[in-house]
Amino acid sequence: MRAREGMTVLQAAREAGIEIPTLCYHEEMEPYGACRVCVVEVERGGRSRTVAPCCYPAEEGLKVRTRTPKIDRVRKTILELAAVTAGEDVGGRSGHWPTTTGRTSPASPP
């Protein structure tokens, strides 16, 4: 994938047709990576870490993984925490943890 100088990983991915989910990102606003729903794994020099691609600069030689079991778990946890924080405002479902998931809260085991 190619990126122009000054592009973020998210911008380069979108331009290449690669889907990365977002919640707080809007192309007409300055990105700040608050929600972390867009999280990806980047690898450079043999080292891997998770970053918010809406704020992370695209650079030559950077390997980006948008869907891995680890990334899926992180995104799921972020969305669960957002639902609990928002309460009934998120589709009216966060108050129904025991009936929909078998859990008493997002952090409790099934």
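The values are calculated or read from the model by the stated rules, or taken from the named source; none is laboratory data. All values reported here derive from a predicted model rather than from experimental measurement. Please note: Cβ atoms are built from the backbone with ideal geometry, for glycine as well, and neighbour counts cover all protein chains shown.
A few comments on the model shown:
- Taking the listed residues 65, 75, 93, the one that is at pLDDT 95 or above and on the phi < 0 side of the Ramachandran plot is 65, with no other qualifying.
- Considering residues of segment 24-51 that are surrounded by 14 or more Cβ atoms within 10 Å (Cβ to Cβ) and in contact with a Cys (Cβ under 6 Å, 6 or more places away or on another chain) only, the residue farthest from residue 78 (Cα to Cα): 31
- If the condition is being more than 13 Å from the chain's Cα centre (by Cα), exposed (fewer than 13 other Cβ atoms within 10 Å of the Cβ) and among the acidic types (Asp, Glu), then segment 52-83 contributes only 60.
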